[in-house]
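Working notes, beginning with the structure itself.
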Amino acid sequence: MTLHFLRDLLHAVLLLLSFSVTAANQTNLLSVNVGYGPQPSADVNQRNYTVGLDYEFYRYKRSAKQWLSLGVGYSYVGTDYEHNRSLHAVSVYPQLTLLAEPYGEFQPWFFVRALAPTYLSEKSLGTRNQAKHFAFQAQVGAGVNHLPTNWMFALSYKHFSNANLYQPNDGIDIPLVINLGKRF
């Protein structure tokens with residue numbers, strides 16, 4: 001079952017990558033992320049972790065300080081709790097990026113992803129339960145671009161829930177996520 005899921009996921013990612021989206025100032029971004037931390041408001045001591053991959057395929061420059069972008073993401077999310085130990089999440093995300101003034105070769109920035117439709121392979125992770133496989137991803141963070149090389153580094157907080165559309169809606173959180181990527 002897992003092998004079929006991974007094969008289907010790979011086909012979906014390849015299909016998305018094959019679409020040619022043209023826009024002014026379009027720049028692709030491929031990034032990997034790892035994260036870990038305690039699950040807030042859990043009844044037990046539960047720690048969650050993630051390993052993931054994001055591909056941003058569209059950027060629109062609203063101004064010199066604001067970018068709107070679209071991307072797809074895959075996250076493997078696990079927990080150290082004894083039951084319901086892992087799940088896979090596939091998201092399509094909109095992102096708002098706010099850019100600060102460059103400081104030498106570096107440009108600080110802040111980003112927020114909200115209402116990113118997400119498919120969860122399982123409805124439970126540890127003690128956390130979702131009513132359906134459908135959820136949303138929300139992520140907020142800050143980072144820095146190295147302008148000469150197009151490498152980026154960011155720290156963020158990642159959250160999955162169904163926005164109270166269905167019950168139960170125990171959020172799944174990874175409090176500290178490290179993101180490393182490159183624009184091309």
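No lab work stands behind these numbers, since they all come straight from the coordinates. The structure presented is a predicted model; accordingly, all values stated were derived computationally and were not measured. Here Cβ is always computed from backbone atoms with ideal geometry, including for glycine, and neighbour counts include all displayed protein chains.
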By how many nm would the segment from Thr149 to Leu165 grow when fully extended, if each residue of separation counts as 0.36 nm and the alpha-carbon distance is taken off?
1.5 nm
Given H placed 1.01 Å from N in the peptide plane, which residues other than close sequence neighbours of Glu122 have an amide H under 5 Å from its amide H?
His88
Per-residue ellipticity at 222 nm for the chain, helices alone: DSSP H runs ≥ 4 residues times -39500 (n - 2.57), over residue total, nearest 500 deg cm²/dmol?
-3000 deg cm²/dmol
Over the stretch 83-159, relative contact order from alpha-carbon pairs under 8 Å, at least 6 apart, %
30 percent
Given a cut-off of under 8 Å on Cα pairs at least six residues apart, what relative contact order in percent is computed for the chain?
20 percent
Could you tell me which residue out of His88, Pro40, Gln66 lies farthest along the dipole of the stretch 2-183 toward its positive end? Charges go on the beta carbon: Lys and Arg +1, Asp and Glu -1, centred on the Cα centre.
Gln66
Taking the Cα centre of the chain as origin and charging only Cβ (+1 Lys, Arg; -1 Asp, Glu), how large is the dipole, in debye to the nearest 20?
420 debye
To make sure I understand, if each residue's beta carbon is the centre and we count other beta carbons within 10 Å, what order do Ile178, Ile172 fall in, fewest to most?
Ile178, Ile172
Among all the lysines, which ones have a C-alpha under 21 Å from Lys123's C-alpha, if same-chain residues fewer than 8 places away are not counted?
Lys132, Lys158
Going by C-beta contacts inside 10 Å, put Thr50, Thr79 in order with the fewest on the left.
Thr50, Thr79
With a Förster distance of 35 angstrom and the Cβ-Cβ distance between Ser41 and Ala142, calculated FRET efficiency to the nearest 0.05 equals 0.90
Describe numerically, in nm with one decimal, the distance between label points set 7 Å from Cα along Cα→Cβ at Thr27 and at Arg183.
0.1 nm
Pick from Gln167, Gln95, Gln46 the residue whose mean-square fluctuation is largest in a GNM of the chain, springs joining Cα atoms under 10 Å.
Gln167
Which listed residue (Leu30, Val51, Gln167) has the Cα farthest towards the positive end of the charge dipole for the chain, taking +1 on Lys and Arg C-beta and -1 on Asp and Glu C-beta about the Cα centre?
Leu30
What is the extension gain from Leu53 to Lys123, computed as 0.36 nm multiplied by their sequence separation minus the C-alpha to C-alpha distance, in nm to one decimal?
23.1 nm
Counting pairs of Cα atoms in the chain, how many percent are more than 23 Å apart?
42 percent
